[in-house]
Amino acid sequence: MSDPDIELASRRAIYQQIADRPGSHFRALLDDLDYAQGTLQYQLRWLADEGLIDVSEDGKYTRYYPAAEFDQADQTVMNALRREYGRRILAHLLADGPLSTTELSDRLAKAQSTVSWHLSNLADAGLVTKERDGQRVLYRVSDPKRVTRLYTTHRQSFTDRIVDRLLGIWDRY
């Protein structure tokens with residue numbers, strides 16, 4: 001979608017920030033832009049009402065996307081990629097999966113219960129599947145091509161060099 005003709009500079013700046021960092025949530029927009037909370041809320045509502053941005057709820061955050069550029073499945077992936085440990089878990093599963101909770105816990109240096117919680121959220125969103133292998137439960141990415149495409153396309157907006165190195169993204173594209 002080409003940039004829409006937006007009259008107000010504040011709306012243009014907010015729209016541009018969302019276009020540059022799709023999946024940004026309200027607090028991140030507030031931190032990145034120099035607008036009062038009420039102004040940002042009003043302008044986001046206006047952009048949504050005019051059909052210029054889409055609004056996505058991910059359980060914890062309300063996230064914003066340029067309209068018609070991300071279907072529901074893309075928004076679900078981007079919601080997960082915007083979360084540090086969701087992004088890292090997906091990266092490990094893409095690079096070396098399928099993996100168990102224990103293996104992911106060791107790689108992330110996080111408690112198994114924490115990793116399990118994140119995996120549960122990713123599974124609920126349909127981003128990972130689990131399968132039993134004897135005593136172990138292994139996780140894999142449901143749609144690796146979609147996740148890789150979205151990460152690669154928007155990797156400049158993620159500040160996670162660990163994931164970049166893990167996936168070796170720039171070598172493959």
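Computed from the coordinates by the stated procedures, all read-outs in this text should not be read as laboratory data. Note that the structure is a prediction, hence the values are computed from the model and not measured. Every residue, glycine among them, receives a Cβ derived from its backbone with ideal geometry; neighbour counts consider all protein chains shown.
For the pair Gln17 and Ser113, how long in nm is the line joining their label points, each one 7 Å along Cα→Cβ?
3.6
Multiply the residue separation of Asp96 and Ala73 by 0.36 nm, subtract the distance between their alpha-carbon atoms, and state the gained length in nm to one decimal.
That works out to 6.0 nm of additional length.
Answer with one residue from Leu30, Ala48, Thr62: the one whose Cα lies farthest towards the positive end of the charge dipole of region 9-70, charges on Cβ with Lys, Arg +1 and Asp, Glu -1.
Most positive-ward Cα: Leu30.
Taking θ as phi - 60°, what are the ³J(HN,Hα) couplings along region 60-68 by the Karplus curve (6.51, -1.76, 1.60), each to the nearest whole Hz, with x for Gly and Pro?
Listing the rounded values in order: 10, 10, 9, 10, 10, 9, x, 4, 6 Hz.
Taking only the Cα atoms of region 77-172, how large is their convex hull per residue, in Å³?
About 89 Å³ per residue, rounded to a whole number.
Ratio of alpha-carbon Rg to the 2.2 N^0.38 Å globular estimate for the chain, to two decimals, please.
1.12
Where nothing but the Cβ of Lys and Arg (+1) and of Asp and Glu (-1) is charged, how large is the charge dipole of the chain around its Cα centre, in debye to the nearest 20?
Once rounded to the nearest 20, the dipole reads 720 debye.
To the nearest 500 deg cm²/dmol, what mean residue ellipticity at 222 nm is calculated for the chain from DSSP H runs of n ≥ 4 alone, each contributing -39,500 (n - 2.57), summed and divided by the residues?
-16500 deg cm²/dmol
Run through every distinct alpha carbon pair of region 9-70 and return the Kirkwood hydrodynamic radius in angstroms, one decimal place.
11.3 Å is the Kirkwood radius here.
Pick from Gly126, Gly86, Gly134: which residue has the top mean-square fluctuation in a GNM of the chain where Cα pairs under 10 Å get a spring?
It is Gly134.
State which stretch of the chain is the longest one without any exposed GluC sites (Glu not before Pro), exposure meaning a DSSP loop state and at most 15 other Cβ atoms within 10 Å.
It works out to 70-173.
What length, rounded to one decimal in nm, is gained on full extension from Leu30 through to Asp49, with 0.36 nm per residue of separation minus their alpha-carbon distance?
Length difference between fully extended and current span is 4.9 nm.
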